[in-house]
Amino acid sequence: MILVFLGPPASGKGTQARLLALERDLLQISTGDLLRDAVKRETPIGAKAKTFMETGQLVPDEIVIGVFADALAVGVREGHSGFVLDGFPRTVPQAEALDATLAKLGRVLAAAVDFRVPREVLVRRAVGRRVCSNGACQATYHLDTNPPRMEGRCDVCGHELAQREDDLPQTVEKRLVEYERKTAPLLTYYEKKKKLQKLDADRPIDDITTDLVERVERLVPTR
Ligand code: AMP
């Protein structure tokens, strides 16, 4: 089972990818998390990606495609067969690269899920988002809708919560423009391939997870 999660920034792709991966024993590959980790560790890839990320732009295709291909290769080597791709692809060339990779592996994409959320909700969500600063945890919270039990502290591991630099209001606006310009064309790309599934992602977290699990059951009957 290989799923792509599409959707604008703060549409909940990462949260749901994590939950679905746990529920269905899939490997979550988040290019955003991988790139943030590279920036933190000051690797050569991190150095190239940093400015793009901080200013709300997409990282160039050749860099991201490499990061994704490496993560997928590691996953396959470790014996994973199910993947949820969270935030990749985000451009048509990336989608074409994914198609080529899957063809080489003899695999097909099960579905591309479009997380649909009204624009004003996205801005509110991004600006209120807080993430655990512990790289191994990365739990996410929202000041209004999903606050931590203790202010500023992660419920899971107790580390301090932080705001992502690209969640500042002016950067969120830029990311939304990038999304419309470069990522939204993927909706037509996957629609033409009859892989697109639209998901109302302006609902409580648990409702969306239940919906996704049901869709996955329908894609792969387990009984
Ligand atoms: P995310 O955590 O998915 O919101 O990604 C954070 C940032 O990482 C994005 O705003 C981009 O700068 C970069 N990024 C993540 N995935 C991709 C991708 N597939 N293509 C280009 N840039 C990406």
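Output the residues belonging to the range 155-175 that are more than 22 Å from Met53 (Cβ to Cβ) and touching a residue at least 12 places away in the same chain (Cβ under 8 Å).
Asp155, Val156, Cys157
So which of Val156, Val216, Val172 ends up being of a type outside the set (Ser, Thr, Tyr), more than 23 Å from Arg124 (Cα to Cα) and surrounded by 16 or more Cβ atoms within 10 Å (Cβ to Cβ)?
None of the other options fit; the residue is Val216.
Go through the range 52-81 and give me each residue that's crowded, with 17+ Cβ neighbours inside 10 Å and away from the ligand (no atom under 15 Å from the Cβ).
Gly75
Can you find a residue that is in contact (Cβ under 8 Å) with a residue 40 or more places away in the chain, among the acidic types (Asp, Glu) and closer than 24 Å to Val64 by Cβ anywhere in the range 186-206?
So far as the range 186-206 goes, no, none of its residues is in contact (Cβ under 8 Å) with a residue 40 or more places away in the chain, among the acidic types (Asp, Glu) and closer than 24 Å to Val64 by Cβ.
Mind listing whichever residues of the range 82-106 are under 17 Å from Leu19 (Cα atoms) and surrounded by 19 or more Cβ atoms within 10 Å (Cβ to Cβ)?
Matches in the range 82-106: Phe83, Val84, Leu85, Asp86, Gly87.
Would you mention how many residues in the range 107-120 are out of contact with any helix residue (DSSP H, G or I) (no Cβ under 9 Å at 6 or more places or on another chain) and surrounded by 14 or more Cβ atoms within 10 Å (Cβ to Cβ)?
1
I'm trying to understand the selection: among the residues of the range 30-48, which are among the aliphatic types (A, V, I, L, M) and either near the ligand (Cβ under 7 Å from one of its atoms) or more than 24 Å from Asn134 (Cβ to Cβ) (or both)?
Leu35
Of the conditions (1) among the β-branched types (Val, Ile, Thr); (2) modelled with pLDDT of 95 or more; (3) under 21 Å from Tyr189 (Cα atoms), Val74 clears all except one; give me its number.
Among (1) among the β-branched types (Val, Ile, Thr); (2) modelled with pLDDT of 95 or more; (3) under 21 Å from Tyr189 (Cα atoms), Val74 violates only (3).
Listed residues Val92, Val123; which is more than 11 Å from the ligand (Cβ to nearest atom), within 25 Å of Lys198 (Cα to Cα) and at pLDDT 95 or above?
Exactly one of Val92, Val123 is more than 11 Å from the ligand (Cβ to nearest atom), within 25 Å of Lys198 (Cα to Cα) and at pLDDT 95 or above, namely Val92.
The values are calculated or read from the model by the stated rules, or taken from the named source; none is laboratory data. As the structure is a computational prediction, the values presented were derived from the model and not from experiment. Here the Cβ is made from the backbone with ideal geometry for all residues, glycine too, and neighbour counts use every protein chain on show.
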